[in-house]
Amino acid sequence: ERFSSLEKVRALSPDELSQLKGFGDVIAQSIVLGLRDNAGLLDELTALVDIRAGSSAATASGALSGTSFVFTGSLSFDRKKAEARVKELGAAVPSSVTKALTHLVVGGSLLVPVSSKHKAAEKLKAEGANIHILDEAAFLALLAAREAGPAPSIEAGADVLTEARSQLKLF
């Protein structure tokens with residue numbers, strides 16, 4: 001996403017690549033050499049497929065496109081399945097809480113921040129970040145609403161949660 005195209009990534013030097021978070025000298029060197037060694041194959045593939053950041057149809061048009069979710073605390077559903085589901089719907093699933101995060105799903109009580117992620121999100125919210133902190137029920141209702149279209153009525157809340165749990169197979 002930072003470089004917007006495969007061509008720009010292929011033009012990076014090992015030094016430039018190693019400046020990115022999570023990339024050390026050895027990994028950067030391996031990536032640059034791998035891209036160089038496979039240049040012919042990559043040229044053939046890029047002639048057939050447009051490989052640019054944001055070119056994925058699922059990401060661009062998913063029901064959760066433009067959002068990001070981090071899960072924390074003791075959840076009553078499988079965290080990996082929840083992460084996979086929001087990714088399928090176009091959301092990002094970063095590993096940490098930053099001001100760019102849009103949703104933190106908290107297992108347990110919302111009243112007293114217990115996890116470090118919950119505390120970090122509360123701090124960022126106090127500083128003006130637009131992070132929505134949700135409990136499990138609110139998360140499931142959000143998923144159900146995004147998948148179904150218009151938001152459900154308050155009277156239908158319990159039915160929506162029951163239906164969402166069964167459809168999402170998070171348990």
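The values are calculated or read from the model by the stated rules, or taken from the named source; none is laboratory data. As the structure is a computational prediction, the values presented were derived from the model and not from experiment. Please note: Cβ atoms are built from the backbone with ideal geometry, for glycine as well, and neighbour counts cover all protein chains shown. Remember, those area values only see protein heavy atoms, side chains included, never the ligands or the DNA or RNA. Shrake-Rupley method; radii C 1.70, N 1.55, O 1.52, S 1.80 Å.
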#### Entry: Criterion (open to solvent by 70 Å² or more (accessible area, probe 1.4 Å) and either out of contact with any Phe, Trp or Tyr (no Cβ under 8 Å at 6 or more places or on another chain) or not hydrophobic (A, V, I, L, M, F, W, C) (or both)) met by exactly one of His132, His118
His132
### Task
Mind listing just one residue for me: the one in the stretch 101-112 that is of a type outside the set (Val, Ile, Thr) and surrounded by fewer than 18 Cβ atoms within 10 Å (Cβ to Cβ) and, of those, farthest from Glu136 (Cα to Cα)?
Leu111
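Tell me, which residue of the stretch 75-100 that is within 18 Å of Arg146 (Cα to Cα) and hydrophobic (A, V, I, L, M, F, W, C) is surrounded by the most Cβ atoms within 10 Å (Cβ to Cβ)? Give the steps one after another, and end with the answer.
Filtering the stretch 75-100 down to residues within 18 Å of Arg146 (Cα to Cα) leaves 81-93.
Checking which are hydrophobic (A, V, I, L, M, F, W, C) leaves us with 82, 84, 86, 89, 91-93.
Numbers: Ala82: 21, Ala84: 13, Val86: 24, Leu89: 18, Ala91: 21, Ala92: 18, Val93: 16.
Step by step, filter the stretch 75-100, then rank; the result is Val86.
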### Message
Residue pairs, Cβ under 9 Å, 6 or more apart or interchain, first in the stretch 18-34 and farther than 22 Å from Ser96 by Cα, second outside any helix (DSSP H, G or I) and open to solvent by 90 Å² or more (accessible area, probe 1.4 Å). List them.
### Response
Ala28/Gln19
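Which of the residues belonging to the stretch 102-131 are among the β-branched types (Val, Ile, Thr) and at pLDDT 90 or above?
Within the stretch 102-131, the subset among the β-branched types (Val, Ile, Thr) is 102, 105-106, 112, 114, 131.
Of everything in the stretch 102-131, those that are among the β-branched types (Val, Ile, Thr) and at pLDDT 90 or above turn out to be Thr102, Val105, Val106, Ile131.
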### Query
For the stretch 1-22, which residues satisfy the criterion of being open to solvent by 70 Å² or more (accessible area, probe 1.4 Å) and not in a helix (DSSP H, G or I)?
Glu1, Arg2, Ala11, Gln19, Lys21, Gly22
